[in-house]
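Worksheet: the structure to be examined is printed underneath.
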Amino acid sequence: MMTEQFQLTNKTMAPNSHINGRRPICGVFASPGVNCSHAMIAQHGFGIGDHRALLGESYPSLVAPTGRKLVCTIDRIRLNYENVLLQLVERHRMLEKIATLDELQPRIPAPQFQLMFNRWDNELRDYMLAAEKRCRKFRMNHLPWSPVIGMWMRRLKLYKWLEAYCRGKVPDWRNLKRSCARQGLRCPSSYTLDEVLLKIHSCMLNLEKEKENAPKMRREHLQDRLDIARLRGDVSSEQEIIRIIKRKAEKAEYTRLRVFAGKPRSSPPVSITITNSDGATSTLRTQEGFNSAVGGALSTRFTLAHRAPIMQEQISSEI
């Protein structure tokens, strides 16, 4: 169970967090095993806003989270995830293991049971991550996919595999031999490195040639698949293809709008230019100077209400 570190370190309850509040609503919580040597909550007005400031010495960089393969709104991806996870759970007898733990719980100490349960939970987490990894494949997204583009991409991937084989990086080439046979290529041992590099260059040139026609071929491919789904009466496939077509149309529309009306994207700020009391400007590039200048401006902005005329009258005390 997590504990609040200010109360644990100072042996007293934290003061009120809001300037007009009575109870603490901000704190720093940590799991058992974390040793906190000092904990401090600043007074009101020290930081920005009308809450007490929680101070730190390091400022981690903000990084956008990576995209996940599991998208529950798409039935195909969700079903693939569920099927793979179910297979892994059955193969590794996870239900039998948790049933055994449930039987052992009254007969073993609580710390030992917690360790065994955490080990089971970590194992299940690994299977969930493995199922998510296998539920969907990320395609090369620099070109819209169509049968023609897919053929050249598969051929390019196979030639790169052949390149690794020619460089001696494929110890077992039986799968490579079968893949070459399916693609109508010769035996891998009959290729030279120069020949394979030439084939790779040729595939990349063909993909570059099809770049202009790729969006059109993608639309034609989706329309063909939609017609086939309607002919065989496959309602679920028809709805999924319509969803893909609408999503691509909306994405193209909003992309154009963001280009003309959206805010420009930029990297995090690393410097700030301020005006000194004598009217001269100076640029601050250090972390301390940047935080001090920005913090002072934001503090003034967020406390403007306290300097309003209404706050100087008797009604402010009554409020």
- Query: So what is the relative contact order for segment 84-228, in percent, with contacts set as C-alpha pairs under 8 Å and at least six apart?
  - Reply: 26
- Task: Calculate, in whole percent, how much of the Cα-Cα pair population of segment 162-256 lies beyond 17 Å.
- Result: 68
- Message: Given contacts defined as C-alpha pairs under 8 Å and at least six residues apart, what's the relative contact order of the chain, whole-number percent?
- Response: 12
- Query: Q112 to W145: extension gain in nm, 0.36 nm per residue of separation minus the Cα-Cα distance?
  - Reply: 6.6 nm
- Taking only protein heavy atoms and a 1.4 Å probe, the highest-to-lowest accessible-area order of S282, S189 is S189, S282
- Write down the Å³ per residue value for the convex hull defined by the alpha carbon atoms of the chain. 357
- Task: Excluding residues on the same chain fewer than 8 positions from K248, give the lysines whose Cα lies under 28 Å from its Cα.
- Result: K69, K133, K137, K157, K209, K211, K216, K263
- Portion, in percent, of the accessible area of the chain that falls on carbon or sulfur, probe 1.4 Å: 55
- With every protein chain left in place, what is the accessible area per residue of segment 188-286 in square angstrom, probe 1.4 Å? 81
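The values are calculated or read from the model by the stated rules, or taken from the named source; none is laboratory data. This is a predicted model, so every value here is computed, not measured. The protein model used for the area step is the full one, side chains on, heavy atoms only, and it has no ligands, DNA or RNA in it. Shrake-Rupley method; radii C 1.70, N 1.55, O 1.52, S 1.80 Å.
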